[in-house]
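J.: There's a structure below that I have some questions on.
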Amino acid sequence: MAFCANCGAQVEGRFCQKCGAPVAGAAPMGGAPMGGAPMGAGTPSGTAPPEFQPQAASAGLSENAAGAICYLFGFITGILFLVLAPYNQNRTVKFHAFQSIFLSLAWFVVWIGVSIFGFVLYRIPILGAVIMGILYFALWAGALILWLYMMIKTFNGAKVVLPVIGPMAEKQAGA
């Protein structure tokens, strides 16, 4: 079997299937190159020399970075990381994806509840509007702080299990 001088991949034919580089002297069906012993001769079982061994494909993101990104856009990135191939096999990333989805859902339910309460409270002429303004601001600030906290702690490698939704996420992720 011939090997590409550019990337080290096995070559069948005149061009490397991996990088597209022309392979000088390659036999059409993986035979020996012109004028010599087959490439890889002298190595165990005719494999490529060590400098041309293919490297293991990396996912691109560390476990911590992928977990933190799960929280970036809430349920959207949570679902995305449950679908993407290398990450949906990792229990830690799956945990953070499920927790992000459940956190977004819980946030939505709380927001609906506060909005219904606000509709009733707005019937009080001035005090109702002031109380709702404070309540909406506190809800928004709390959600922002929790969102930043979850992303920072996850990126730094800490596993934060939120009450109620955390155990549900662990169960779903199998962690």
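Rule-based calculations on the coordinates, nothing more; no lab input. All of these numbers come straight from a predicted model, not from anything done at the bench. Reconstructed Cβ throughout: ideal geometry from the backbone, glycine too, with neighbour counts over all protein chains shown.
J.: Zone of residue 83 (label point 7 Å along Cα→Cβ, backbone N under 16 Å): which residues in the stretch 97-120?
T.: 97-98, 101
J.: Run the numbers for residue 73 and residue 119: contour at 0.36 nm per residue of separation, minus the present Cα-Cα distance, in nm.
T.: Going from the current span to full extension adds 13.8 nm.
J.: While we're here: Tell me the relative contact order for the stretch 54-141 as a rounded percent, counting alpha carbon contacts under 8 Å between residues six or more apart.
T.: Relative contact order of the stretch 54-141: 22 percent.
J.: For residue 11, enumerate residues with amide H under 5 Å from its amide H, sequence gap 5+ or separate chain, H modeled in the peptide plane.
T.: Those lying under 5 Å, H to H, from residue 11 are 2, 3, 4.
J.: Does the stretch 63-173 classify as rounded, prolate or oblate by the C-alpha gyration tensor (a ≥ b ≥ c root eigenvalues; a/c under 1.5 gives rounded; else a/b over b/c gives prolate, otherwise oblate)? Walk me through the intermediate numbers first.
T.: Values: a/c = 3.14, a/b = 2.52, b/c = 1.25.
Cα axes put the stretch 63-173 in the prolate bin.
J.: Suppose R0 equals 22 Å; then what is the FRET efficiency for residue 160 and residue 61 from their Cβ-Cβ distance, rounded to the nearest 0.05?
T.: Rounded to the nearest 0.05, the efficiency is 0.70.
J.: Using a simple spin-label model with points 7 Å from Cα along the Cα→Cβ vector, what separation in nm is obtained for residue 21 and residue 143?
T.: 5.3
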